[in-house]
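Bear in mind that the values in this text are calculations on the coordinates, not laboratory data. Bear in mind the structure is a predicted one, so any value in this text is a computation, not a measurement. Please note: Cβ atoms are built from the backbone with ideal geometry, for glycine as well, and neighbour counts cover all protein chains shown.
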Amino acid sequence: MSRRRSGCPINLTLEAFGDRWSLIILRDTMFGGRRRTFRSLLAENIEGIASNILTDRLKRLTANGLLSRSADPGHKQRVVYGLTEKAIELVPLMAVMGSWGLRHTLPSTELLIGAQVLEDGGPQLWSEFMEELRHLHLGAPRPEASAFAKMQSAYEATIAGKTRSHDLALPLL
């Protein structure tokens, strides 16, 4: 971080992120189930981030210690981005933001499931998710239970239920 506007912890946290794109990149890396390349972040981002914005935010997040950048062992010219411990500790914040979004916005069914599972699971699931992220991004031992598997199972069950009841469902206005 260069210049601080104030010593307020909330302001300093926002300055570390930079803007909404930074949070979205962290979300995509956190919930993507793996370390990410520039190309995967660009291609799989549902909000349509521009490549120049992605480049800038990856540099900022790396400089602020939220992402690590390392050579891809499978491809000499590619780098992979992973979460640092600092970023993994944002799981509770992301979960609370998702919960707020569930209550105060109109998210799509497909995209609200992860937030709902994290809200329902509470701090226990957040902790399990953080342990799994430490395994995936920091090389910590694999946890016994997979938080990703719980979220994937909930997603598949919701989508299957939506498909079965599709003809009976009335559109919400």
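Against the chain, whose longest principal axis comes from its Cα atoms, helix 109-133 is set at around 50 degrees. Which of 95, 133, 11 sits closest to the plus end of the dipole of the chain, meaning its Cα is farthest towards the positive end, when Lys and Arg get +1 and Asp and Glu get -1 on the C-beta? Of 95, 133, 11, it is 11. A Gaussian network model of the chain, with springs between Cα atoms under 10 Å, assigns the largest mean-square fluctuation among 29, 158, 105 to 105.
GNM on the chain, alpha-carbon springs under 10 angstrom: the most fluctuating residue among 92, 141, 73 is 73. If you sort the three axes of the alpha carbon gyration tensor as a ≥ b ≥ c, you get a/c of 1.5 or more for segment 1-123 and a/b no higher than b/c, which makes it oblate.
For the chain, the longest principal axis of the Cα atoms and the long axis of helix 51-63 meet at an angle of about 70 degrees. Going from the residue with the fewest nearby Cβ atoms within 10 Å to the one with the most, 150, 86 rank 86, 150.
For residue 68, the amide hydrogen comes within under 5 Å of the amide hydrogens of 82, 83, 84, counting only partners 5 or more places away or on other chains and with H modelled in the peptide plane. Our summary gives segment 9-84 a relative contact order of 33 percent, counting only alpha carbon pairs under 8 angstrom and 6 or more residues apart. Taking the Cα centre of the chain as reference, the dipole from Cβ charges on Lys and Arg (+1) and Asp and Glu (-1) amounts to some 760 debye. Within the chain, the longest run free of GluC sites (Glu not before Pro) that sit in a DSSP loop with at most 13 other Cβ atoms within 10 Å is 90-143.
Here segment 90-163 yields Rg over Rh of 1.00, to two decimals, using C-alpha coordinates and the Kirkwood radius. With θ taken as phi - 60° and the Karplus curve 6.51 cos²θ - 1.76 cosθ + 1.60 applied, the whole-hertz 3J(HN,Hα) list for segment 6-16 is 7, x, 5, x, 5, 4, 5, 5, 5, 5, 5 Hz, x standing for glycine and proline. Comparing 34, 134, 142 in a Gaussian network model of the chain, where Cα atoms under 10 Å apart are tied by springs, the biggest mean-square fluctuation is seen for 142.
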